[in-house]
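Peer 1: The structure is given below, and queries will be raised subsequently.
The values are calculated or read from the model by the stated rules, or taken from the named source; none is laboratory data. This one's a predicted model, so the numbers in the text were calculated from it and none came from an experiment. Cβ coordinates were reconstructed from backbone atoms using ideal geometry, including for glycine residues, and neighbour counts include every protein chain displayed. Surface areas here come from the heavy atoms of the whole protein model, side chains and all, with no ligands, DNA or RNA. Shrake-Rupley method; radii C 1.70, N 1.55, O 1.52, S 1.80 Å.
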Amino acid sequence: MIGLSALRGILCSLPRRKDRHAMLCHVSRRLGISRSLGMPSTLWIEPSNLCNLRCLSCPTGQHRDIGRKKTNMELSEFKKLVDEGGPYAKILVLYHQGEPFLNPHFNDMVRYASQFDLFIKTSTNSHFFTDRDKVRDLIDAGIDELLVCMDGFSQESMERYRVGCDFERVRASLRILSEEKQRAGGNRPIVELQMVIMKHNQHEVERIKAVAKELKFERFSAKLFTVFSPEEARNELIREMAPDNAPSRFRIAEDGTVETIGSFPNECGRVYKEMVICADGTVVSCNCDWVAKNKMGNALETSIREVWNGPAFRAFRRQIKKDRSQIQTCNFCSELRFDSSIKSRLNGETERR
């Protein structure tokens with residue numbers, strides 16, 4: 001265990017405040033205490049929890065209760081949060097649930113946050129890059145990384161899961177994104193094309209990976225199918241959709257029962273370094289808390305600092321150290337259990353996350 005004098009020396013050697021706070025978050029995790037000594041090094045801010053699709057495993061798309069108000073975040077609210085957390089954070093994820101580009105202020109959010117020396121990334125269902133001017137503005141605003149989704153190589157295949165999608169619009173959107181990125185020099189944003197692997201599309205992996213290469217994207221990822229639903233409906237959907245010839249986060253026994261693979265270590269790094277703020281300001285335990293089961297407070301009503309080491313967050317960290325398996329949202333999480341996706345850098349390298 002690192003001593004106080006050694007820690008003081010390490011902190012003094014780090015010139016940037018962001019790096020010092022990231023180190024303090026890491027030390028807090030190693031100590032296993034209920035407080036995080038550093039401010040969050042990763043901020044998740046949800047621009048919108050609305051969506052244009054009805055994906056089968058998503059509570060937002062299926063119009064179920066998500067435990068918070070359904071809304072777009074106002075630009076003024078976003079600025080308050082970034083003003084408080086931006087000086088300490090290194091990464092800003094503009095996503096949680098919903099489709100971020102449904103927020104009309106999205107590009108302005110990126111532009112404002114780029115002043116804070118943040119690596120800014122988001123995830124999208126790929127329907128919103130048909131307007132070249134808006135794509136150019138997004139790139140110019142300073143977006144660093146885009147995760148774009150394509151879960152099938154035809155309308156029939158893609159709509160099997162992403163109900164309401166438009167396959168041809170997605171193809172056109174991705175091509176425009178690629179062309180505008182190349183026009184801007186090709187370096188930013190980093191683009192990762194993601195495919196959720198399911199029974200009906202598992203044979204299309206190489207075809208969709210080829211699309212990523214053709215469009216000169218940097219990465220392709222094959223994501224493991226997951227579900228957040230009441231148990232009976234969840235298990236039925238898993239039996240129907242989980243792949244039988246590809247990696248999966250579920251194990252289906254001969255009697256049809258469903259288990260999530262991997263054991264539950266009583267540890268989690270995310271709760272010491274990441275804060276997830278929903279569109280209405282609700283802070284949830286982590287990005288696996290899709291329906292706000294574990295509310296930590298509200299960062300718009302108080303402040304990021306007040307919520308970060310408030311009673312709810314401290315109690316949650318203690319529960320993880322005591323018995324993480326008793327936390328429902330942890331049942332869907334890959335942290336320290338298994339790789340949730342297989343990412344291929346399109347220069348030939350592979351990484352697992």
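Peer 1: State to the nearest 20 debye the size of the charge dipole of the range 114-198 about its Cα centre, where the only charges are +1 on K and R beta carbons and -1 on D and E beta carbons.
Peer 2: 120
Peer 1: Here is a follow-up. Grab every C-alpha pair in the range 132-213, bin the distances at 5 angstrom width from 0 up to the longest one, and report whole percents.
Peer 2: All Cα pairs, binned at 5 Å, distribute as 3, 14, 25, 23, 15, 12, 7, 1 percent.
Peer 1: Can you show me the helix-derived [θ] at 222 nm for the chain, built from DSSP H runs with n ≥ 4 at -39,500 (n - 2.57) apiece and divided by the number of residues, rounded to the nearest 500.
Peer 2: Rounded to the nearest 500, the figure is -10000 deg cm²/dmol.
Peer 1: I'd like the antiparallel share, as a percent to the nearest 5, of DSSP beta bridges with both residues in the chain.
Peer 2: Counting only bridges with both partners in the chain, antiparallel ones make up about 40 percent.
Peer 1: Still on this structure: Out of the total accessible area of the chain (probe 1.4 Å, heavy atoms of protein only), what percent is carbon and sulfur?
Peer 2: Roughly 47 percent, rounded to a whole number.
Peer 1: Using alpha carbon centroids, what distance separates the range 86-125 and the range 52-75, in Å?
Peer 2: Centre-to-centre (Cα) distance: 18 Å.
Peer 1: Under 19 Å from a label point 7 Å along Cα→Cβ of Asp323: give me every residue in the range 277-307 with its amide N that close.
Peer 2: 294
Peer 1: Measuring from a point 7 Å past the Cα of Asn187 along Cα-to-C-beta, which residues in the range 138-165 have an amide N at less than 16 Å?
Peer 2: Flagged as within label range: 139-145.
Peer 1: Moving to a separate point now. If you take the Cα Rg of the chain and divide it by 2.2 N^0.38 Å, with N the number of residues, what do you get?
Peer 2: Taking the Cα Rg and dividing by 2.2 N^0.38 Å, one obtains 0.99.
Peer 1: Would you be so kind as to identify which of Ser178, Leu346, Val283 lies farthest towards the positive end of the dipole of the chain, taking Lys and Arg as +1 and Asp and Glu as -1 on Cβ and the Cα centre as origin?
Peer 2: It is Val283, whose Cα lies furthest towards the positive end.
Peer 1: Moving on to the next point. Could you tell me what fraction of 2.2 N^0.38 Å the Cα radius of gyration of the range 96-141 comes to, as a two-decimal ratio?
Peer 2: Compactness ratio reported: 1.13.
Peer 1: Let me ask another. Could you give the size of the charge dipole of the range 244-345 about its Cα centre, using +1 on the Cβ of each K and R and -1 on the Cβ of each D and E, expressed in debye and rounded to the nearest 20?
Peer 2: With only Lys, Arg, Asp and Glu charged at Cβ, the dipole is about 480 debye.
Peer 1: Still on this model: Against the globular-protein guess of 2.2 N^0.38 Å, express the Cα radius of gyration of the range 255-326 as a ratio, rounded to two decimals.
Peer 2: Expressed relative to 2.2 N^0.38 Å, the Cα Rg reads 1.25.
Peer 1: Considering the Cα positions of the range 59-149, please state its Rg to one decimal place and its Dmax as a whole number of Å.
Peer 2: Just the Cα atoms of the range 59-149 yield Rg and Dmax of 13.4, 37 Å.
Peer 1: Once the piece of chain linking Asn266 and Leu346 is laid out straight, how much longer is it, given 0.36 nm per residue of separation minus the C-alpha distance between them?
Peer 2: 25.3 nm
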